[in-house]
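In what follows, a structure is listed as structure tokens, so that the remarks can point back to it.
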Amino acid sequence: MDMFRITMPSPQSYIRSLGAVSAAVFDECGIIVDCNRQFSVLFNGNCDLGKTSLSELLPEEKSPEALRLRCENGPEAGEMTEVTVNSGHGHTTVMRCSFLNAENGQRKWYVLVLHDREVSGELSLLQQFSGTFVKDVNLGVLLVNNEFQLVDISELACSILGIDRQSSINRPMEDIFQSVPKEHQLVQRTLLDGVLVRNHAVSWTNNRERYELLMDSNLLRDEAGNVVGAYVIFKDVTNLRSLEMQVQRSDRLAMIGQIAAGTAHEIRNPLTSIKGFLQVLNRTFYQNGMEREQGYTDLMLGEIDRINELVNEFLLLSKPKNVTYDKIDMSSVIRDILPIINNQAVLHNVTIQYQSVYQIPKIVADRELLKQVFINLCKNGIEAMVQGGTLTIIERVEYRERKIHVEVHDAGPGIPAFLIDKIFDPFFTTKESGTGLGLSVCQRIIHDIGGSIRVSSKGYGTTFTVSMPFSPS
């Protein structure tokens, strides 16, 4: 076997193993069958698989066999053949090439490998950087040519945008985003007219998840200054935006907690006096058979109790007093509240299903405050299932993250997407008689032990996930 003939299971896998060089596979007729990322970028995406011929890309070459023979017989030892490359729009350059004869069973292929004519380690490093940059798992990258066709796209961009790379390359961007209204398309044709963005915040939903993106774009020009394409780079900052919202929410809770701590006693003192006198009046009305007046006082006493309950929740928004942190078994906390939850569930035709973990690691927390958190979450789930159903409580342990997760899942109608970001805000509630402080209090309690509460709802059912760090053994 000579140095220009290789036998391989797949020419396609071979060209992808070559690293930063540009490579492509051609059939016996000289039609391109496959190419790697660098080859596509070199020709600005102007190489349609199954259509473009070798002579279109290398205008001086008439047939693949003739080029193979020239590569085999022409250069001196240690050298490579030079070819003229048509990268499109009248722009040509001279490059060195290897043209290999590949065999796979009864089929015959040709593998073209292109190298820059200058032997420069600096250029090789630049090519490697380019390939690595597009493949970077932390960046979304899109390259388009001046006809607004997609030349290349990174894996992260495919994942976030919900598109398939293989079927999208060399297609017009309008076709790729045809299901999205024009004004909401992530990349606009005006990009090629110089309408660029810098640190532009945009929200994107791919029918599964919503992402918060920070986007930049710029034009690509050739040596003569002509626009040959453009690129778009975006960073997924969803977690940062979520953290920012949590900080803002915590600031609001802290402010409300300070107000509550300073005014709670001043509110309770007059309420105690009013309630005491109303109870005396209520008893007097009862003894004198004054049912209508007694009904009025019953109503007022009920409202005073409601005000007292609101004041208690206000106090919990500030850092709880007399908190006792200790190592506790999460499973025992859930078992302690199950009788309370079951009584509530029976009234709403709801079944409780509990999946525990054997010998679950212990966490450091206040036992009574944790009970309050899970009673509140379970109560919300039960009340959401107006037609009945099953409330599921699941324990999970992530040893790598050193966290315990407790999921509370209901089978209710779910939370609309436009409300799901607001449910932890103080005073936000969808209940007629709710205070809107229950979930805020729960979040504050869990945050104080270094944990978090997440909520997910996909149109049917809602899941609250409480994550808490467990203590070292």
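Bear in mind that the values in this text are calculations on the coordinates, not laboratory data. Everything quoted here is computed from the prediction, not taken from an experiment.
Beyond 20 Å, what percent of the Cα pairs of the stretch 326-469 remain? Roughly 45 percent, rounded to a whole number. Taken over the C-alpha atoms, the stretch 136-236 has Rg and Dmax values of 12.9, 44 angstrom.
Potential lengthening of the chain between T284 and D421 amounts to 44.3 nm, from the contour at 0.36 nm per residue minus the alpha-carbon distance. Taking every alpha-carbon pair under 8 Å whose residues sit at least 6 apart, the stretch 136-236 reaches a relative contact order of 31 percent. Taking amide hydrogens as placed 1.01 Å from N in the peptide plane, the amide H of V33 sits under 5 Å from those of V25, F26, D27, G50, each at least 5 positions away in sequence or on another chain.
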